[in-house]
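What follows is a set of notes on a single structure, which appears directly below.
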Amino acid sequence: MAERKQTILIVDDEAPQRRLLAGFVASLGYQVAEAESAEQMLEQVAVTPPDMILLDVRLPGMSGLEALHQLRKAGSETPVLLITAYADLREAVAAVKSGADDYLAKPLDFEELEAVITDALHPDHRPAPSGRELPQLPPEVIGTGASFQHLLETVSIVAPTEVPVLIIGESGTGKEVVAQLIHRWSPRAEKPFVVANCAGLPETLIESELFGHVKGAFTGAQQSRQGYFRAADGGTLLLDEIGELPLHLQPKLLRVLETGQVMPVGSDHPVPVDVRIIAATHRDVSAAVDQGTFRLDLYYRLNVVELRLPPLRERVEDILPLARHFAQQLTGHPVRFSPQATQCLLAYSWPGNVRELRNAVHRACLLGRGDVILPEHFPPAIAMLAQAASSNRATAGRLSQVERATILATLAECRGNRTAAARKLGLSRRALIYKLREIERENADGGNSAQ
């Protein structure tokens, strides 16, 4: 039996515009329905709800925004894309508050339209670069760049196995999120996922915390404790900040990994455990081996598969999707970032990586009340980038070096595809073309030939 085609309802009072959109939507493989007024759309939705609605704002009689309000009031959760020839900030805010999933301005960029439709109807369809289909991603895992997609592909290959994994990355890059993804995609997914932070455990108690102890094993041990290894039995244990594990405990950890048995403190009887080990660290463990602070045999035992998480400054294309995700997570609805705020996000180096981005966005949403984020809503270190860029343009009429470098790097990554580059930068295609012309003028003014 053939799979049902998803239906997209096109609402526009201009027949040529409806035909244009209908032809494009049909070429993407969707079923098309049409309505020439908001009233007609509401009647059709009541009888046969579509999978998505492309809704023009300016309609005779009831406007698109009024119709959207009626839809949401009636309890409809159908994705709605508003199309407007009056794409100012005020209308964008009104669209978001009324429950629109997104909005596009006329004249439409069809590559952008296709991306919005795909995001709305196929949010979990994120193929790896090689074409390997990934399992379903949880909403908190966001990454479209080649390096992050390659990481996800490796995770999908490693997860079903039992091999230990060592995750290396700067603080805040999401090492625990990746570890949880490995567990989620493994046969152990229904069993416990336990995190032991080696840096956060007191050195005098770390052995007891990891391997457990029996009652009376030491002063204060008034009852037995199973420890992290036995708590994770059957599941996955993340040894976070493994590089901070004291040297004298490393042979004991190595023995547990080799024998599959833990020896609780104060006990003479080993206890078998069945645990998948994932280790994570922000340190260079190979350098620690050279310095004699980490055992070579333990390093090789843990590092069967090594995953290196790229810092956020190397994932520029993921900054805006992550920021939008964190904003919606806090406010419960899509949040818009002004062009200046977008520039701040892309220009900042993010030493705290994804964790710092999440905190900055949460602060901005609270100060901006979740409608439109402006530079002044960010922490000062980020907000000042907008002032610096504005000052540079005021004095020299030129793009900042950071903005120029970001645009050219993103365009190169997208192999010259301006629409894809604009999407990654959080700009409209027209805005990107304007900036590229500005760069060309600067090159000409400086006597440099365009590359």
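The table below gives the values:
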item	result
Hits in segment 66-95 - residues which are open to solvent by 40 Å² or more (accessible area, probe 1.4 Å), modelled with pLDDT of 85 or more and either within 28 Å of Ala341 (Cβ to Cβ) or not in a helix (DSSP H, G or I) (or both)	His69, Arg72, Ala74, Gly75, Glu77
Candidates Ile182, Ile142, Ile167, filtered to the one that is touching a His at 6+ places or on another chain (Cβ under 9 Å), under 30 Å from Lys424 (Cβ atoms), in contact (Cβ under 8 Å) with a residue 40 or more places away in the chain and open to solvent by less than 30 Å² (accessible area, probe 1.4 Å)	Ile142
Every pair of residues 6+ apart whose Cβ atoms lie under 8 Å, when the first sits in segment 331-343 and is over 17 Å from Ile407 (Cα atoms) and of a type in the set (Gly, Ala, Ser) while the second is open to solvent by 60 Å² or more (accessible area, probe 1.4 Å) and assigned to a helix (DSSP H, G or I)	Ser338/Leu89
Of all residues in segment 297-349 being more than 15 Å from the chain's Cα centre (by Cα) and among the aromatic types (Phe, Trp, Tyr), the one that is nearest to Asp371 (Cα to Cα)	Phe337
Some residue of segment 295-316 being touching a Lys or Arg at 6+ places or on another chain (Cβ under 8 Å) and within 30 Å of Ala347 (Cβ to Cβ)	yes
Leading residue by the ranking (surrounded by the most Cβ atoms within 10 Å (Cβ to Cβ)) among those in segment 228-267 that are modelled with pLDDT of 90 or more and at positive phi	Glu241
Helices (runs of 4 or more DSSP H) contained in segment 221-298 and holding at least 3 residues within 27 Å of Lys191 (Cβ to Cβ)	227-231, 250-259
Listing of helices (runs of 4 or more DSSP H) fully contained in segment 373-446 that carry 2 or more residues being within 23 Å of the chain's Cα centre (by Cα) and either modelled with pLDDT under 70 or closer than 15 Å to Leu346 by Cβ (or both)	380-396, 401-413, 418-425
Number of positions in segment 25-36 that are at pLDDT below 90 and surrounded by 19 or more Cβ atoms within 10 Å (Cβ to Cβ)	1
Per-region count, segment 304-345, residues in a helix (DSSP H, G or I), surrounded by fewer than 19 Cβ atoms within 10 Å (Cβ to Cβ) and of a type in the set (Ser, Thr, Tyr)	1
So Leu201, is it surrounded by 14 or more Cβ atoms within 10 Å (Cβ to Cβ), free of Cβ contacts under 8 Å to residues at least 24 places away in the same chain and outside any helix (DSSP H, G or I)	yes
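The values are calculated or read from the model by the stated rules, or taken from the named source; none is laboratory data. Here the structure is a predicted model, which means the values were calculated and not measured. Here Cβ is always computed from backbone atoms with ideal geometry, including for glycine, and neighbour counts include all displayed protein chains. Surface accessibility is based on the protein's heavy atoms, side chains included, excluding ligands, DNA and RNA. Shrake-Rupley method; radii C 1.70, N 1.55, O 1.52, S 1.80 Å.
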